[in-house]
1. For the chain, what does the accessible surface come to per residue with a 1.4 Å probe? Please give it in Å².
2. Could you tell me which trypsin sites (Lys or Arg not before Pro) in the range 1-94 are loop residues by DSSP with no more than 16 other beta carbons within 10 angstrom of their beta carbon?
3. For Lys141, go through the aspartates and glutamates and keep the ones whose alpha-carbon is under 19 Å away, minus same-chain ones fewer than eight residues off.
4. Less than 15 Å from a label point 7 Å out along the Cα-to-Cβ axis of Lys141: which backbone N atoms in the range 78-122 qualify, by residue?
5. Please get the size of the charge dipole for the chain, origin at its Cα centre, with Cβ charges of +1 on Lys and Arg and -1 on Asp and Glu, quoted in debye to the nearest 20.
6. Relative contact order (percent) for the chain, with alpha-carbon contacts under 8 angstrom and 6 or more residues of separation?
7. Give me the orientation-averaged projected area of the Cα convex hull of the chain, in nm², one decimal.
8. On alpha carbon coordinates alone, what is the Rg over Rh value for the range 77-175, Rh being the Kirkwood radius?
Amino acid sequence: MSKFSVLILAGGKSSRMGQDKACLQFAGQSLLQHMQQLATQAGASQVLISRNQKGYIQDLQPEQGPLAGILAALPHCQHKRLLVLPIDTPLLSTQALQLLLQQSAAAACFNQSPLPCLLTINSQLQHVISQQLTKQQRSIKQLLNALNASSVDIDETQLLNTNTPADWQAFLQQQTTLSCSLQTAQKQSKSSN
């Protein structure tokens, strides 16, 4: 597999969440650390973070959403393929990301969601994003349509998006329930041996 860069989109205001999503704690680490770990496990040789704070890639065009984050990151990418990950999809797996990375099209995403997506960095990508932002069209779906992106099916649960406190609590509860079920199954397996 060819080398690729990852861009984690963590520059939003988190207004629906009421707190910075990147700092939410999950399995003993922040959501940002979790997504960085996922990117590395998927094989990224470069992990970039779009986050409108000092020390990170900041949008050149403020208040323009994920497209502005992608556009600002393009000059920093060391590779021609860019895997774009949203900060708020904690259930993504390396296997799911590998499905995207196997696509040979110039752009790819999952059928159920425009993010995460895989982009090929070239002058067309930069031009299309710039044109969309000039026209106040901030849709990732529109970008992927313009690039004739291929799409892949995936189990929708991996695309769980945690935008609100209720979403986050439901996610944490699901993780606790799953963890308890696994522990119970392991105990039963040991006792039957």
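1. The answer is 53 Å² per residue.
2. On the way: sites: Lys3, Lys13, Arg16, Lys21, Arg51, Lys54, Lys80, Arg81; in loops: Lys3, Lys13, Arg16, Arg51, Lys54, Lys80.
The qualifying sites are Lys3, Lys13, Arg16, Lys54, Lys80.
3. Cα-Cα hits under 19 Å: Glu63, Asp88, Asp153, Glu156.
4. 109-116
5. 280
6. So the answer I get is 23 percent.
7. With every direction weighted equally, the projected area is 12.2 nm².
8. With Rg and the Kirkwood Rh in hand, the quotient comes to 1.01.
The values are calculated or read from the model by the stated rules, or taken from the named source; none is laboratory data. In this text, all values refer to a predicted model and were calculated from it rather than measured experimentally. Backbone-built Cβ (ideal geometry, glycine too); neighbour counts: all protein chains shown. To get the accessible areas, we keep the full protein, side chains included, count just its heavy atoms, and leave off ligands, DNA and RNA. Shrake-Rupley method; radii C 1.70, N 1.55, O 1.52, S 1.80 Å.
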